[in-house]
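Asker: My questions will all concern the structure given below.
The values are calculated or read from the model by the stated rules, or taken from the named source; none is laboratory data. If you're wondering where the values come from, they're calculated on a predicted model, not measured in any experiment. Cβ placement follows ideal geometry from the backbone for every residue including glycine, while neighbour counts extend to all protein chains displayed. Accessible surface areas use protein heavy atoms only, side chains included; no ligands, DNA or RNA. Shrake-Rupley method; radii C 1.70, N 1.55, O 1.52, S 1.80 Å.
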Amino acid sequence: SKYAALLHILVRVGDVVVVVLTACLAHWARFGSSLLDGPNPVAVFRVVLLMLLVFPMFGLYRSWRGESITSEIGRIALAWTVVMTTLLISEWAVKNSGEYSRLWLGSWFAAALALLGVHRWVGRRLLGSIRARGIDARKVVLVGATHAGRKIMAAARQSPWMGLDVIGYVQTPYDDQQVGTDVPRVSDLDSFIANLQQYAPDQIWVALPMRAEAEIKRLLDATSELPVTIRLVPDLFGYELLNHQATQLAGVPVITLRGSRVSGHARIFKAMEDRALAAFILLLICPVMLLLALGVKLSSRGPVFYRQKRVGLDGKEFEMLKFRSMPVDVEKRGVVWGNAGNKSATRFGRFIRASSLDELPQFLNVLKGELSIVGPRPERPMFVEQFKKKIPGYMHKHLVKGGITGWAQIHGLRGDTDLTRRIEFDLHYINHWSIWLDLKIIMRTPLVLLRRTNAV
């Protein structure tokens, strides 16, 4: 629309203004003058060129309809980081990086990052207020009173800033929901297809199950000569989904029904996060681990470490390390899941188990790449075989590496707790993974362990 197109032009220009303005402000804060001098003007010019190239690659100038502001600010933060990192690497490559003030570059980066986010927020508020008044709105007809149809209609009604006005729904043989008394029934599918010109919607949302391919094709054929946008909202609520998304595979559109959010570059970032934090933590706790190893050795005969087979990423087995808390022959008569409080343990073993200090060697597993700091708790192979037949979605947790701590653990679901609920929390973590969620879990884990230890 003309409003969105004009605003997007203003946003592009505004991004450039923000970057140049913050460079001048940072220069004034560092040197007492807002007039750029030395190599700084050339650096700002290069950053603007890089920004004009990189920002569109991150989708920062596409339509805002239906996308959250937090998602966009996250993408602009990543794009701006890429721009500044590219500048620094190029300057380092030609040995010019020493000519710039680090304080100026750092304050410029931080100030621009903050103002770019504010700039986007203001732009969205402005366009949202226009759309909420009915200006620049799109007339939408929903085809299918299904679960997906009801959800997408409710989302549109609750977000008037998107400017999507659902004027009615088309009845189909697949309807199984009430979409709301304030949404009129337009017609049935046959009548709607026969009288499309009469309704003249801007968009048609097709919320039908995948088995309705014949009806979907009829609708596409009927609208082939009309300037109307068709959006497919497949009714997948009868399926067990995990991180479902639309993508392309070799140019062919594909809908992923089940997959891991921790893949591609996310998997690399998580691996870097794991190894950096594990190395840092191991350096800090090295003296503690030496004392614990000595305590295990003096308290009973046998090895310091207890090696236990666990099932990790992609269902592959690995040996998880713990400080040994039990006598060496305690599992000769078999293994039983749970009931940890009644299992035989040495006196020192009871102490390290109650305080979770027996799990510290697992940071070595993290360094080896077998385990993550944060993730679903891995289980022993015999229990995996048992639980996967009883608990829906149990094996889906192996789409990511197991973890020392996790979303379920910080909510009290560890040890002898409800496995079904624990899996629900594990799948929630996989569906919503981010570096920030990992850091949140890591920061909350000591508090949870402290409460648990005090309770014991």
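Asker: Where in region 140-226 are there strands (runs of 3 or more DSSP E), lying wholly inside it, with at least 2 residues that are crowded, with 17+ Cβ neighbours inside 10 Å and under 35 Å from the mean Cα position of the chain (by Cα)?
Answerer: 164-171, 203-206
Asker: For region 114-139, enumerate the residues that are under 15 Å from Val16 (Cα atoms) and either at pLDDT below 85 or surrounded by 18 or more Cβ atoms within 10 Å (Cβ to Cβ) (or both).
Answerer: Result: Leu115, Leu116, Gly117, His119, Arg120, Gly123.
So that you can scan it fast, the table gives a plain yes or no per residue for (1) surrounded by 14 or more Cβ atoms within 10 Å (Cβ to Cβ); (2) modelled with pLDDT of 90 or more; (3) basic (Lys, Arg):
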{"position": "Leu257", "(1), (2), (3)": "yes, no, no"}
{"position": "Asp274", "(1), (2), (3)": "yes, yes, no"}
{"position": "Leu283", "(1), (2), (3)": "no, yes, no"}
{"position": "Gly295", "(1), (2), (3)": "yes, yes, no"}
{"position": "Ser299", "(1), (2), (3)": "yes, no, no"}
{"position": "Gly334", "(1), (2), (3)": "no, no, no"}
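Asker: May I ask you to verify whether Gly98 is at pLDDT below 75, open to solvent by 60 Å² or more (accessible area, probe 1.4 Å) and part of a helix (DSSP H, G or I)?
Answerer: The answer is yes for Gly98.
Asker: OK, next. In the set Phe383, Phe323, Phe387, which member is aromatic (Phe, Trp, Tyr), modelled with pLDDT of 90 or more, more than 26 Å from the chain's Cα centre (by Cα) and under 29 Å from Phe425 (Cβ atoms)?
Answerer: Phe323
Asker: Sort out for me the helices (runs of 4 or more DSSP H) sitting completely within region 373-456 that have 3 or more residues that are loosely packed, with under 13 Cβ neighbours inside 10 Å and free of Cβ contacts under 8 Å to residues at least 24 places away in the same chain.
Answerer: Ranges flagged: 435-455.
Asker: Taking Thr405 as meeting all but one of (1) at negative phi; (2) out of contact with any strand residue (DSSP E or B) (no Cβ under 7 Å at 6 or more places or on another chain); (3) not aliphatic (A, V, I, L, M), write down the number of the exception.
Answerer: If we test Thr405 against (1) at negative phi; (2) out of contact with any strand residue (DSSP E or B) (no Cβ under 7 Å at 6 or more places or on another chain); (3) not aliphatic (A, V, I, L, M), just (2) comes out false.
Asker: When both residues are 6+ apart or on different chains and their Cβ atoms are under 8 Å apart, which pairs have a first residue that lies in region 55-69 and is open to solvent by 30 Å² or more (accessible area, probe 1.4 Å), and a second that is modelled with pLDDT under 65?
Answerer: Sorted first by the residue in region 55-69, then by its partner, the pairs are Ser63/Ala4.
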